[in-house]
Each structure stands twice: as structure tokens, then as C-alpha cells.
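One structure is given below, encoded as C-alpha cells.
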Amino acid sequence: MSSPATPMPSLDDLIAEETEVQLARFDNAVAVDLGGRIQRRGLAESLPIAVEITKGPDVVFFAMLPGASANNARWARRKRATVQMFQRSSLHAQLRAEQQGTDFNARYALPAEDYAASGGGVPIFVRGSGFVGTATVSGLPAVEDHRLVIAALREIMAEQG
């Protein structure tokens with residue numbers, strides 16, 4: 001991965017990324033492939049992460065790597081809920097709240113035990129179809145969680161053409 005000092009992207013960067021990173025197709029096999037890619041990288045780099053991939057509202061892939069805890073799984077679930085609510089990355093929600101100087105959960109009247117504005121939850125889009133699922137990582141700093149998901153999505157996107 002990159003260093004702990006990975007720069008925070010801007011909201012414009014995140015919006016451009018969501019427009020660019022769109023798959024040609026997404027089904028259960030692609031969801032498992034995506035989760036497996038993140039899992040393998042996490043194992044290779046000894047990352048203490050939880051990985052969750054959904055298709056629609058259904059969890060298709062979940063893994064807790066060595067060093068991850070039930071708390072990481074809870075964070076992944078909360079980040080996923082944020083992505084599903086807004087169809088934007090949870091890092092986008094985090095940055096928007098920080099820039100507005102607001103508490104994310106209070107602003108949208110969302111219970112903190114169910115929603116989190118912290119990087120690592122990424123919407124999955126299919127070209128021509130829109131929002132179809134989520135990919136979430138929890139266990140690293142927010143930007144690192146986000147970047148890990150984006151890197152795996154870019155790999156799949158490149159292979160799909």
C-alpha cells in the first residue's frame with residue numbers, strides 16, 4: 001500500500017473517480033472475484049482488514065483477515081449503509097461533512113450505530129445500468145481503505161474492457 005501520509009483526495013476527485021470506475025458487468029462471480037482480489041492483497045501485505053462485497057442489498061463476499069476484529073466488520077456494515085443510502089463513497093460522505101463542519105449522522109438524522117462517514121465503502125457502478133452494489137474495506141486509515149477497493153475495481157475494469 002501507500003504510506004500513512006496518503007493525501008486526501010478532493011470531492012471533485014472522488015466524483016470523477018466514480019464516473020470513471022464503472023464495470024462492464026457485475027454478478028455474483030464478479031463480486032467474489034473482487035472480494036478475493038482484496039483478500040489476497042490484504043493477506044500478502046498482512047493487512048488487518050474486513051472485506052465485504054454486496055450485490056444490491058445482499059452480501060455476496062465477506063472475509064476478516066488476521067488481525068481484523070468484529071469491530072472492523074461493524075465499521076464495514078456501517079460504511080456500506082452510507083454508500084447504499086447516498087450512492088457515493090463513504091469517503092465522499094466523510095469529506096463533505098468535514099468541509100461543511102457538520103456531524104454527518106446528525107445532519108441526516110442517521111443513527112451512528114448504523115451509518116458511518118469514513119472512507120472504505122465504495123459504490124459499484126455498471127456502465128449503462130448505474131449503482132449495483134458496494135465494496136467495503138475496514139481496518140486501515142480511511143483513505144487507505146478506499147484506495148484498496150479502488151485498486152481492485154480498476155483491475156477488474158481493465159480485464160472486462
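A short reminder: the numbers here are calculations on the coordinates, not readings from a lab. These figures come from a predicted structure and were not determined experimentally. Ideal geometry is used to build each Cβ from the backbone, glycine not excepted, and the neighbour counts take in all protein chains shown.
Give the residue from Ala68, Ile38, Ala81 lying farthest towards the positive end of the charge dipole for region 35-90; charges sit on Cβ (+1 for Lys and Arg, -1 for Asp and Glu) and the dipole is referred to the Cα centre.
Value computed over the given set: Ala81.
Figure the gain on full extension for Glu20 and Ala106 (residue separation times 0.36 nm, minus the Cα-Cα span) and round it to one decimal in nm.
Full extension from Glu20 to Ala106 adds 27.9 nm.
What do you get for Rg/Rh over region 11-160 if you use C-alpha atoms and the Kirkwood form of Rh?
0.94
What residue among Ala135, Ala29, Ala81 has the largest mean-square fluctuation in a Gaussian network model of the chain, using Cα springs under 10 Å?
Ala29
Rank by packing, highest mean first: peptides 114-120, 148-154, 60-66, 95-101, with packing defined as the count of other Cβ atoms within 10 Å averaged across residues.
114-120, 148-154, 60-66, 95-101
For Asp27 and Leu43, compute 0.36 nm times the residue count separating them, minus their Cα-Cα distance, and round to one decimal in nm.
3.3 nm
What size of dipole, in debye to the nearest 20, comes out for region 1-154 about its Cα centre when the only charges are +1 on Lys and Arg C-beta atoms and -1 on Asp and Glu C-beta atoms?
260
Please work out how much length the chain gains when fully extended from Asp13 to Asn71, using 0.36 nm per residue of separation minus the C-alpha to C-alpha distance, in nm with one decimal.
18.0 nm
Determine the shape class of region 113-153: with a ≥ b ≥ c the square roots of the Cα gyration tensor eigenvalues, call it rounded for a/c under 1.5, and otherwise prolate if a/b is greater than b/c, oblate otherwise.
Verdict is oblate for region 113-153.
Once you have all Cα-Cα distances for region 41-93, histogram them in 5 Å bins from zero and send the whole-percent values.
In whole percents, the pair-distance histogram is 4, 20, 26, 23, 19, 7, 1.
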